[in-house]
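> Let me begin by handing over the structure; questions about it come next.
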Amino acid sequence: QVQLVESGGGLVQPGGSLRLSCAASRSINYMGWYRQAPGKQRELVASIDSGGRTNYVDSVKGRFTISRDNAKNTVYLQMNSLKPEDTAVYYCHRIGTGTWGQGTEVTVSS
């Protein structure tokens, strides 16, 4: 069973940046970052496959970048130009499995 541990969340002002990390206990393939805001359903924000191909939800295109370091078994989410509506708990997920991280909270507020 792969273990996923997220880090990097926090409080940031609108327009600021954060980088989330998701460290896996062993090699991983198809990974995604999801988020869940209060009172809303969990949504896929970005995904990356083993070949490095990426996809993003429209609301974050041009602002967020998903990447991976296979040597470190780690997936990142670089978030720039953050908006209050990006406030949520962010989870990494091994797509196609039941494996989720514990989540890391991101709050965008002045």
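The values are calculated or read from the model by the stated rules, or taken from the named source; none is laboratory data. Everything numeric here is computed off the predicted structure, so don't read it as measured data. Here Cβ is always computed from backbone atoms with ideal geometry, including for glycine, and neighbour counts include all displayed protein chains. Protein only, heavy atoms only, side chains kept; ligands, DNA and RNA dropped before computing areas. Shrake-Rupley method; radii C 1.70, N 1.55, O 1.52, S 1.80 Å.
> Limited to segment 50-72, what total is found for residues that are assigned to a loop (DSSP other than H, G, I, E, B) and modelled with pLDDT under 95? Working first, answer last.
From segment 50-72, those assigned to a loop (DSSP other than H, G, I, E, B) are 50-53, 57, 61-63; that's our starting set.
Retained after the next criterion (residues that are modelled with pLDDT under 95): 50-52.
Matching residues across segment 50-72 total 3.
> So which residues in segment 77-107 are open to solvent by less than 40 Å² (accessible area, probe 1.4 Å) and touching a Lys or Arg at 6+ places or on another chain (Cβ under 6 Å), if there are any at all?
A88, Y90
> Taking into account only those residues within segment 25-42 that are modelled with pLDDT of 95 or more and among the aliphatic types (A, V, I, L, M), which is nearest to Y56 (Cα to Cα)?
Among those that are modelled with pLDDT of 95 or more and among the aliphatic types (A, V, I, L, M), it is M31.
> Return the total of residues in segment 26-46 being surrounded by 12 or more Cβ atoms within 10 Å (Cβ to Cβ) and of a type outside the set (V, I, T).
Taking segment 26-46 first, the residues surrounded by 12 or more Cβ atoms within 10 Å (Cβ to Cβ) are 28-37, 42-46.
Checking which are of a type outside the set (V, I, T) leaves us with 29-37, 42-44, 46.
Selection size over segment 26-46: 13.
> Failed condition for R19, given (1) assigned to a strand (DSSP E or B); (2) over 17 Å from T104 (Cβ atoms); (3) open to solvent by 30 Å² or more (accessible area, probe 1.4 Å), with all others met?
Going through (1) assigned to a strand (DSSP E or B); (2) over 17 Å from T104 (Cβ atoms); (3) open to solvent by 30 Å² or more (accessible area, probe 1.4 Å) one by one, R19 breaks only (2).
> Out of (1) modelled with pLDDT under 95; (2) open to solvent by less than 30 Å² (accessible area, probe 1.4 Å); (3) on the phi > 0 side of the Ramachandran plot, the odd one out for G10 is which?
Condition (1) is where G10 drops out.
> As an exercise: evaluate K61 against (1) loosely packed, with under 12 Cβ neighbours inside 10 Å; (2) touching a residue at least 40 places away in the same chain (Cβ under 8 Å) and give the number of the one condition it does not meet.
Of (1) loosely packed, with under 12 Cβ neighbours inside 10 Å; (2) touching a residue at least 40 places away in the same chain (Cβ under 8 Å), only one is false for K61: (2).
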